[in-house]
Amino acid sequence: MTAKLEDASVGIYALGSTICNWAKTVDSPWDVTVGEIDRAIPRMQRLGTKFVRIMSFKPADDADQTPDIVFERLREVTQRFLDAGLQPVHENCMNHGGMSWQHGVELLEKVPGLKWVFDTAIPSSTPTAPSRSPGPSRIRGILATRPRTHRTHPHQGLRLVDEKDDADYTFPGEGDGRVRDILCDALSNGYDAGISIEPHMAVVFHDTNIEANENDMFNNYVEYGRRLEAS
């Protein structure tokens, strides 16, 4: 596989791992996470991939603080990758670090060496989003985490719906994601790292109720990318 990728001049910028993601809590068996790390490191080294996306466990429904054990676990995960010459980056998804920009800053401060993936969609779909108003929360978030942001993830423009942690996924510029504002801010401040897209329109990785064929997904990604470039 590595040879085929090299022949096609395809590089793997980052590994989108499931390490400490929203499918796990701090009570999940730790050996599962250790196993994921142990498998990820040699694969990344073979591919020449330097970045690995991680998260910070699913919080309880009523959580408003990050337990100390989350910081302890993330410090261990981060150090394991750093020792292997690889850089873990945390995505502000449905996890402790993603509950608000303040939680994200706290995580970065308490986990030395950890970097950030800023997901433009998440701030307005988290339960702690102030008054369900995406604009101020999202801009504060990117400003607060900008110094340690190594990848921007404009994977969805979205509109809020009435259900908790839910959204109607849209093309860039059609929802609440402020994708253009955030990318313009990043680029004007010297951002030159990767940009990932994950439309969540034809299919959603963590929603098993949504099905789509490969052609639909391909066309959706191409159209999403074109609209992102045009925005």
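Among the conditions (1) in contact (Cβ under 8 Å) with a residue 24 or more places away in the chain; (2) within 28 Å of GLY48 (Cα to Cα), GLU76 misses just one, which is (1).
Would a scan of region 111-119 turn up a residue that is assigned to a loop (DSSP other than H, G, I, E, B), surrounded by fewer than 22 Cβ atoms within 10 Å (Cβ to Cβ) and modelled with pLDDT of 60 or more?
At the first step, the residues of region 111-119 found to be assigned to a loop (DSSP other than H, G, I, E, B) are 111-114.
Those left that are additionally surrounded by fewer than 22 Cβ atoms within 10 Å (Cβ to Cβ): 112-113.
Checking the rest, the ones that are also modelled with pLDDT of 60 or more come to 112-113.
The answer is yes; a qualifying residue exists.
Within region 166-185, residues that are in contact (Cβ under 8 Å) with a residue 60 or more places away in the chain reach partners that are of a type outside the set (A, V, I, L, M, F, W, C) with beta carbons closer than 8 Å, at six or more positions or on different chains, in the pairs ILE182/THR120; ILE182/ARG138; ILE182/THR152; ILE182/PRO154.
The values are calculated or read from the model by the stated rules, or taken from the named source; none is laboratory data. Note that the coordinates shown come from a computational prediction; the quantities given were computed from them, not determined experimentally. With ideal geometry, Cβ positions are generated from the backbone for all residues, glycine too; neighbour counts draw on all protein chains shown.
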